[in-house]
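Trainee: Please read through the structure below; I'll follow up with questions.
The values are calculated or read from the model by the stated rules, or taken from the named source; none is laboratory data. Computed from a prediction, not measured in an experiment: that's the story for all the values here. Cβ: placed from backbone, ideal geometry, glycine included. Neighbour counts: every protein chain shown. These area figures cover heavy atoms from the full protein model, side chains too; ligands, DNA and RNA do not enter into them. Shrake-Rupley method; radii C 1.70, N 1.55, O 1.52, S 1.80 Å.
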Amino acid sequence: MKNLLFYLCLFLSVVYYSCSDEKNNTVADTGTDDVTVIQDTGPEQVADTGVEEKLIDYVNVFTGTGGVGFGVGSMIPGATAPFSMIKLSPDTAMSNGAVPFYHCAGYYYEDEYIVGFSHNHLPGVGVADQGNILFMPVTSFSDEMINWTKYRSPLDHSLEKASPGYYSVLLPDRDVLAEFTVRSRSGIHRYTFKNRESPNVLLVDLDAAAAFGKVEDEEIVIDTEKNVFYGSAKTIGDFADRYGGLKIYFYAVPDRKIKDFRLYKDLKYSEGNSLSGDNIRALLHFEGSGILNVRVGISYVDIEGAEKNLISEIPDFGFEKYRSDTEKDWESMLSLVRVKSENKRDKRIFYTAMYHLFQMPTLFTDSDRRYRGFDNQIHTAENFIYYTDFSLWDTYRTFHPLISLILPAIQRDFNISLLKMYEQGGYLPRWPMGTGESGSMVGESANIMFADSVMRGVVDWDIEKSFEAMLKTADKPKDPNSYYGGRDGIEEYVSLGYVPADKYSGSVSKTQEYTYDDYAIAYIADYLGKKEDYGRFLERASYYKNLFSNEQKFFIGRNSDGTFIDNFIPTSHSQYYVEGNGWQYRFFIPYDSSGLADLFGGRENLIAALDELFTKSEEEYKSEPTTLLPRKYYWHSNEPCILIPFMYCDLKDCNSSNRWNRWIFKVSYKDSPDGLPGNDDGGTMSAWYIMSSLGIMMLPVKDYYLIGAPLFAESEIKFNNTKLLVRTAGYSRDKYKVKRVLFNGKEVSDFRINHSELIKGGEIKVEFE
């Protein structure tokens, strides 16, 4: 939950960047490959060449790397593969450092300098963590080069090129072209030293971390006989610090002989070929000149795992081959959905969203199937792939429903991964990162993810075990010896029917999240035939009604004695809500729109309240377009809001959903560094855009799809063994009112298609008015 200090720090950081010298950072969009699209110049027409297009050409990897205030996207432009363990990307800074909020993922578009290139990142989640094992080519083998103010290089966006699986930049002060490509657990650095007279030197900084965070327990070994270097470092970032730190191992093989090297601890030279401790750096001087290739494998298990990962994925220095392989992987993922449009900008935004969709969670299984679990022990993944880095409070709303639909086998692995965390750590996590739990956000969102995936047909996993895990904290507090788990205020929630405001912060948000969690438990209980549990938790799913003020018509904090709080201000981001306010939590009952309508006195009254929210929101955006401060009304970059537009359609007013979805497209998504509404939150915002622009709205743990107005004239979605076509009649990009929907030739009168029917494939036809 963001407090006053957070807002003050954010404001000061915005002032800092606003007052910095403006750089020449605008690049014209020429429509060619690997060209950064900086300025969103509006719609462009796509020429029909008759040649099958490459979808990766529509991805702008710089989207979401900029933004201001709450509009910071925290994305990375570097080389990644789908869900890859390695994320090889540049880290940047201003002349006097890196403001943490703007550098959670290491790179911020408005910065002046590239600091180096590190191997792991947390993209798009607003958490300053990882960004470890930093390499930087330099042209001096002198002690002063270990200081970051000496090894950094000016950042010039006209010298950057990037596309899925590839990143390059020319470092102008040393005339070195740095290029990178990756597979899932390993990557290749290719440095072209254009000045043949200068030394070819690589700086290795094991003390590096995103936003200049804390690192400890570092180690490096230079083996000149084998001509390799390897080591490890433990990052103590915002999340990793909560469970004791995350250790990453690397193994690096250059294609030129190491001529000389120097090791440093605490900025002081140290003898020998190995060094351990804190603040470790190295300079490696290579024989010859010209192109230097360095293959690097990483692991969270051990050095041996890093070496095995490298050998299994990148056994040689064929940079272009591995780049091509990863591009094919990306093309395969992007082609799960094909859209037809003459608007080039819309296609870039769409396929960039598809690209962002597959950045997280993070592959955490080595090539030999070992992984380090929540108990910090080494395990072997049998018949599944282990993942980590789940932003569950965000992703249960849009990301996981979409993955369950288009990649059910991967969603199965996600489910099993969380069950392994439960078995090894004692409880289901809320926001697992690396080898531990961060405890971030509220609720037990894994419940909703589990139930939704089962509803969408992901059933080849231990659902009974998931039910056991959910029940463990549904009625009682966690074990006091556990550093994570449980529901805050669970005893009062069970006895009172709500979390009391006089005892717990975020009481309204917690109550609403818990009721959704209980709805998910009820679904799983019903699936497993546990009638008593089904009835009990379905009743608890209605506890949200206990915080609804019939006088105010808002969900309001309520004390232990049953009284509502005084001086309620619906636009205030107060202690009763988590990342939101009264307006933004007023409609957060996406699983029970009919029950919410009853509280408002009927469907028409609820629709009128929704109208009021969006009318006020539209006015607010016109008068205050800045993203510096949190929104008072609809706030698309904040998860409690993002399902609200779908509620119209759930109340059988789909054209209002269509209208406001189009407005959100307009104000929240662009083809530029500030092109996201805020953090992408593990693919949450991208998944919302993907499905909404296809005209298909999904509500978690609801077994139907709401059909709206597609942004595209035609689209095709691949399922396991079939396809779903979405076609239109009377289409115009500016139209949003739908007259009729047909599914496989039959009219869909309520604009709903059950999952059991949609998953069989076929054709949806949307007729515009």
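Trainee: Using Cα pairs closer than 8 Å and at least 6 residues apart in sequence, work out the relative contact order for the chain, in percent.
Mentor: 13 percent
Trainee: Let me ask another. What's the angle, to the nearest 10 degrees (0 to 90), between helix 303-313's Cα axis and the longest principal axis of the chain?
Mentor: The angle comes out near 80 degrees.
Trainee: Turning to a different aspect of this structure: Of all the accessible heavy-atom surface of region 303-423, with the other protein chains kept in place and a 1.4 Å probe, what percent is carbon and sulfur?
Mentor: Numbers: 1780 of 3590 Å².
Heavy-atom surface of region 303-423 belonging to carbon and sulfur, 1.4 Å probe: 49 percent.
Trainee: On to the next question. If I fit a long axis through the Cα atoms of helix 4-19 and take the longest principal axis of the Cα atoms of the chain, what angle between them do I get, 0 to 90°, rounded to 10?
Mentor: Compared with the principal axis, the helix lies near 50 degrees.
Trainee: I've got another one for you. Just to confirm the filter: which GluC sites (Glu not before Pro) across region 192-231 are DSSP coil and have at most 12 other Cβ within 10 angstrom of their Cβ? Don't jump to the answer; show the numbers that get you there.
Mentor: Working: sites: Glu197, Glu216, Glu218, Glu219, Glu225; in loops: Glu197, Glu225.
Counting only loop positions with at most 12 other Cβ atoms within 10 Å, the GluC sites (Glu not before Pro) in region 192-231 are Glu197, Glu225.
Trainee: For Ser560, tell me the accessible area in Å² from a 1.4 Å probe, rounded to the nearest 10.
Mentor: Answer for Ser560: close to 40 Å² accessible.
Trainee: Separate question: Of the trypsin sites (Lys or Arg not before Pro) in region 232-283, which ones lie in a loop per DSSP and count no more than 10 other C-beta atoms within 10 Å?
Mentor: Lys257
Trainee: Give the residue from Ser668, Gly126, Thr435 lying farthest towards the positive end of the charge dipole for the chain; charges sit on Cβ (+1 for Lys and Arg, -1 for Asp and Glu) and the dipole is referred to the Cα centre.
Mentor: Positive-most Cα among the choices belongs to Ser668.
Trainee: Under 15 Å Cα to Cα from Lys472, which aspartates and glutamates show up? Leave out anything in the same chain fewer than 8 places away.
Mentor: Correct list for Lys472: Glu423, Glu444, Glu464, Asp488, Glu491, Asp517, Asp518, Asp533.
Trainee: For region 405-537, report the accessible area per residue in Å² (1.4 Å probe, heavy atoms, rounded to an integer).
Mentor: In whole numbers, region 405-537 has 32 Å² accessible per residue.
Trainee: Then there is this: Straight-line reach from Lys702: which lysines fall under 20 Å, measuring Cα to Cα and dropping same-chain residues less than 8 apart?
Mentor: Straight-distance partners of Lys702: Lys530, Lys531, Lys545, Lys652, Lys760.
Trainee: Which value, to two decimals, describes the C-alpha radius of gyration of region 529-616 once divided by 2.2 N^0.38 Å?
Mentor: Values: Rg = 14.4 Å, N = 88, 2.2 N^0.38 = 12.1 Å.
That ratio works out to 1.20.
Trainee: Moving on. I'd like the orientation of helix 344-357 relative to the chain: the angle between its Cα long axis and the longest Cα principal axis, in ° from 0 to 90, rounded to 10.
Mentor: With rounding to tens, the tilt is 80 degrees.
Trainee: Sticking with this structure for a sec: Just subtract the alpha-carbon distance of Glu532 and Lys340 from 0.36 nm times their residue separation and send over the number in nm, one decimal.
Mentor: 64.2 nm
Trainee: Which of the residue pairs Lys214/Lys259; Lys194/Lys214; Lys161/Lys194 have a Cα-Cα distance greater than 23 Å in the structure shown?
Mentor: Lys214/Lys259; Lys194/Lys214, as the Cα separations exceed 23 Å there.
Trainee: A follow-up question, please. Using a Förster distance of 30 angstrom, determine the FRET efficiency expected from the C-beta separation of Glu767 and Glu612, and round it to 0.05.
Mentor: For R0 = 30 Å, the calculated efficiency reads 0.50.
Trainee: While we're on this one: For region 585-634, what does the accessible surface come to per residue with a 1.4 Å probe? Please give it in Å². Mind showing how you got there, number by number?
Mentor: Numbers: 2120 Å² over 50 residues.
Each residue of region 585-634 exposes 42 Å² on average to a 1.4 Å probe.
Trainee: Here is a further query. Quote the relative contact order of region 599-696 in percent (integer), defining contacts as alpha-carbon pairs under 8 Å separated by 6+ residues.
Mentor: Details: 53 pairs, mean separation 18.6, N = 98.
It rounds to 19 percent for region 599-696.
Trainee: Could I ask something else about it? Ignoring everything except DSSP H segments at least 4 long, calculate the 222 nm mean residue ellipticity for the chain; use -39,500 (n - 2.57) per segment, divide by total residues, nearest 500.
Mentor: On the way: 20 runs with 218 residues, N = 769.
Counting only the DSSP helices, I get -8500 deg cm²/dmol.
Trainee: Convex hull over the alpha-carbon atoms of region 100-231: what's its volume per residue in Å³?
Mentor: Values: hull volume 17.4 nm³, N = 132.
Hull volume normalised by residue count: 132 Å³.
Trainee: Could you please report the charge total around Ser153, scoring K, R as +1 and D, E as -1 over all other residues with beta-carbon less than 13 angstrom from its beta-carbon?
Mentor: Residues near Ser153 contribute -4 overall.
Trainee: Convert 37 °C to kelvin, take the viscosity as 0.692 mPa s, use the Kirkwood radius over C-alpha pairs of the chain as Rh, and evaluate the Stokes-Einstein diffusion coefficient in µm²/s, rounded to a whole number.
Mentor: Here the translational diffusion coefficient equals 123 µm²/s.
Trainee: Expressed as a whole percentage, what fraction of the accessible surface of region 431-577 belongs to carbon and sulfur atoms when a 1.4 Å probe is rolled over the protein heavy atoms?
Mentor: That fraction is 44 percent.
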